[in-house]
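Read-outs throughout are calculated quantities, based only on the coordinates presented, and are distinct from any laboratory measurement. Worth saying up front: this structure is predicted, and the values here are computed from it rather than measured. Every residue, glycine among them, receives a Cβ derived from its backbone with ideal geometry; neighbour counts consider all protein chains shown.
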Amino acid sequence: MSTQHFEVNFDGLVGPTHNYAGLSFGNVASLSNAKAVSSPRSAAKQGLAKMKALHDLGMVQGVLAPQERPDIATLRRLGFSGSDGDVLYKAATEAPQIYQAVCSASSMWTANAATVSPGADTANGKVHFTPANLTNKFHRSLEPLTSGRILQAMFANPRYFEHHLHLPDNEHFGDEGAANHTRLCSNYGHAGVEVFTFGRYAFDASKPAPRKFPARQTFEASQAIARLHGLSEENTVFIQQNPDVIDQGVFHNDVIAVGNQNVLFYHEQAFLDTEAKLAEMQRKFGEQPLHFICVKTSEVSIEDAVQTYLFNTQLLTLPNGEMTIIAPTECQENASVAAYLDDLVQRDTPIKQVRFFDVKQSMRNGGGPACLRLRVALNDSELAAVNPAVLMNDSLYQRLNDWVDKHYRDELTVEDLRDPQLLNESRTALDALTQILKLGSVYPFQR
């Protein structure tokens, strides 16, 4: 029997403390919606609806659990003491900005959870995972250890899966995970070309770098991931993000480009040295032609691309072989982007359709459909070794919706984060979730 191959999307479940604290400098949507009232329940249900819809389209869809928030363990590291309630009260009163950071539900954007290389690309034939260290933002730098534990609970079989510790917690090795990594291949199970996009060289200040907003991914971090994963020079390409677009709010490459199989969909201002790097991708890809779909500035401005997240869309190959774009409804509501997409599906490219989803709770915090998922290419043996409790089906969808209804608040303001009851609600919810998803004790409060 021939081996089957899948690209599985693991979407982040939105956590119970989903809020708009405006913590992400360089992310225009996050800053512009700071202090707005959020709805954790709506956000979680919007995410679940997208997961279920992709499952119903025949995709293999998984669920990635959120982090424990508020992060009491980190507050204790920072010198707040007493009971959990005391720690929470002191931090919220004495250091409200730090307290807001340890309440962030940013782990919902699982494109930043890790970088994943499938077995077809790696030297030892295993699927490799390296959690992102996310050093550029304090609230996100709290995630990697728990992300690593959750991934190990999902992909536990050492015969098929290899897990690495995140890179050193230093700006020189700033790593933002799959948001700056894409993979081009003829088939998910065949060896592909892994494309690492970086914002700056950490050890060479003479090279180009943005001036206004930070470049969160370094060249050195991308190289280190490739080494850890056992990738060869012949199946990797390192390409620098255009510093000018970072300064216009393109904080990750997945805000300006997305790839799938033999397609790279990107804005003409996305990269430096574009022509030479695309030629390198084609050379390393082999004889079959790649489809480079370049969106001109005259068609869609950088501002419109960032506001609508045209490129922070999921580019999927459905089981019938058709390639489709999963886009936020913001793309429908913008005249130039809607017109571009209408035209795109008529062109002679593999992309044949666009489907729109309402993920507004996530969009307001600066994350579109692509931010919400981690892609893992697996063959049928590897898929059979994945923890089955994290894979979406009708029963799990219903259980998780009931779980959200039971544990999540309908509305949450930044002021509500000070409520000590929120900590109890969050821990009760996560304790129940680890049982539903059969993850074991992955959270600090459970250990």
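Listed values for the stretch 296-304 are Karplus-derived 3J(HN,Hα) couplings in whole Hz (6.51 cos²θ - 1.76 cosθ + 1.60, θ = phi - 60°), namely 6, 4, 5, 8, 9, 6, 4, 4, 5, and x replaces Gly and Pro. When you filter the trypsin sites (Lys or Arg not before Pro) in the stretch 174-246 for DSSP loop state and at most 12 other Cβ atoms inside 10 Å of their Cβ, you are left with ARG211, LYS212.
Per-residue ellipticity at 222 nm computed for the chain from its helices equals -9000 deg cm²/dmol, with DSSP H segments shorter than 4 residues left out and the rest contributing -39,500 (n - 2.57). Restricting the chymotrypsin sites (Phe, Trp or Tyr not before Pro) of the stretch 154-221 to loop positions (DSSP other than H, G, I, E, B) with no more than 14 neighbouring Cβ atoms within 10 Å leaves PHE203.
Across the chain, the longest run free of exposed loop sites, meaning GluC sites (Glu not before Pro) lying outside DSSP classes H, G, I, E and B with no more than 13 other Cβ atoms within 10 Å, spans 1-286. Kirkwood Rh, the stretch 25-162, all Cα pairs: how many Å? In the stretch 25-162 this quantity evaluates to 17.4 Å.
Within 12 Å, Cβ to Cβ, of ALA44, how many net charges do the neighbouring residues add up to if Lys/Arg are +1 and Asp/Glu are -1? Here the count lands on +1. For the chain, the C-alpha radius of gyration sits at 0.92 times the compact-globule guess of 2.2 N^0.38 Å, with N the residue count. The stretch between THR93 and ALA389, if pulled fully straight at 0.36 nm per residue, gains 102.6 nm over its current Cα-Cα span.
Residues whose amide H lies under 5 Å from that of ALA377, counting only those 5 or more places away or on a different chain, are VAL8; hydrogens are built 1.01 Å from N in the peptide plane.
Within the listed set VAL359, VAL195, VAL87, the residue fluctuating most in the Gaussian network model of the chain (springs between alpha-carbon atoms under 10 angstrom) is VAL87.
Model label sites at ASP56 and LYS352, defined 7 Å from Cα along the beta-carbon direction, differ in position by 2.1 nm.
Cβ-Cβ distance of ALA432 and ASP84, R₀ of 22 Å, FRET efficiency by 1/(1 + (r/R0)^6): the value works out to about 0.70. As a length-normalised measure over Cα pairs under 8 Å and 6 or more apart, the relative contact order of the chain settles at 23 percent.
Distant-in-sequence amide contacts of THR115, defined by a placed amide H-H separation under 5 Å and a gap of 5 or more residues or a different chain, comprise THR130, ALA132, ALA178. Projecting label points 7 angstrom from Cα along Cα→Cβ for ARG447 and GLN223 puts them 3.2 nm apart. Figure legend: label point modelled 7 angstrom from the Cα of ALA123 along Cα→Cβ; residues of the stretch 211-241 with amide N under 16 Å from it are 223-236. Note on ASN157/GLN288: beta-carbon distance plugged into 1/(1 + (r/R0)^6) with R0 of 35 Å gives a FRET efficiency of 0.60. Shown is the FRET efficiency for ASP342 and ASN320, computed with R0 = 30 Å from the Cβ-Cβ distance and rounded to the nearest 0.05: 0.90.
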